[in-house]
Amino acid sequence: MVRYLLFDIDDTLFPSSEFAHLARSNAINAMIAMGLDEKKETLMHELYDIIQKKGSNYQYHFNDLCNRFGKRKEKAKLIAAAVSAYHNTKSSIQPFPEVPITLLQLRDKGYKLYIATNGDAVKQWDKLIRLGIALYFEDVFVSQELKVEKSPLFFEKVLQKIKAKPEECVMVGDRPDADINPAKKSDIITVRVRKGKHSKLKSNADYEITRFSKLLNTIRKIEKK
């Protein structure tokens, strides 16, 4: 019997890929407005190169970008403009339209909802609070705090904390590598949400959905097995 539902955040609960691109674009526009005399296309290309090499959780993307263009004297002003524009974009983020009502329906049915995600704990909490869904969840498990990226060990720690058996849990996420595969190795039932930049990747998830609103019916199918 399923009792516990574990959720990823990015591209599962909200369109993270779209937001990230918009925020970075706005940051580059702000840097140009403050005097960075380079083409936007060039700056975006260099920024994504830095992100690919250093990772999305690296804190000094805009510092490195300034260094690449020899803007050390103007760096403080340009970074401030970029960071301000990036964070101002956060005010516009929204969950996928079906997410709030579906989470409420699942909670009303008696399921315990949890977040299970990689990343920085403060950043992930910031997303949940801005999305207006933080209080829907019993607890939030982030790799930074568990001191291990999503893996069988990560899920083992989560199961211990919520005192659950694998067959009582369903992991809902968009990424085959980070969400589906490690959960399956832990004998947790998996539901793949085909959203965002990873939507075309092949997956061995137990179930797949293209709309979050289909999750309740999917859980019902699992219960009938």
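The table that follows gives values for the structure above.
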{"quantity": "For M31, M44, order by how many other beta-carbon atoms lie within 10 Å, fewest first", "calculated": "M44, M31"}
{"quantity": "Built amide H within the under 5 Å cut-off of I189, gap 5+", "calculated": "C169, M171"}
{"quantity": "Burial ordering of M1, M171, M34, fewest other beta-carbon atoms within 10 Å first", "calculated": "M1, M34, M171"}
{"quantity": "Inter-part distance where region 196-225 and region 19-53 are each reduced to a Cα centre, Å", "calculated": "35"}
{"quantity": "Partner aspartates and glutamates for K163 [C-alpha distance under 14 Å; skip if fewer than 8 residues away on the same chain]", "calculated": "E138, D139"}
{"quantity": "Segment K202-E38, extension gain: residue separation times 0.36 nm, minus the distance between their alpha carbons", "calculated": "55.2 nm"}
{"quantity": "Convex hull (Cα only) mean projected area of the chain, reported in nm² to one decimal", "calculated": "12.5"}
{"quantity": "Residue among H45, H61, H198 with the largest mean-square fluctuation in a Gaussian network model of the chain, springs linking Cα atoms under 10 Å", "calculated": "H45"}
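Taken together, the values in this text are just the output of simple stated rules run on the coordinates, not laboratory data. Fair warning: this is a prediction, and the values are worked out from it, not measured in the lab. Please note: Cβ atoms are built from the backbone with ideal geometry, for glycine as well, and neighbour counts cover all protein chains shown.
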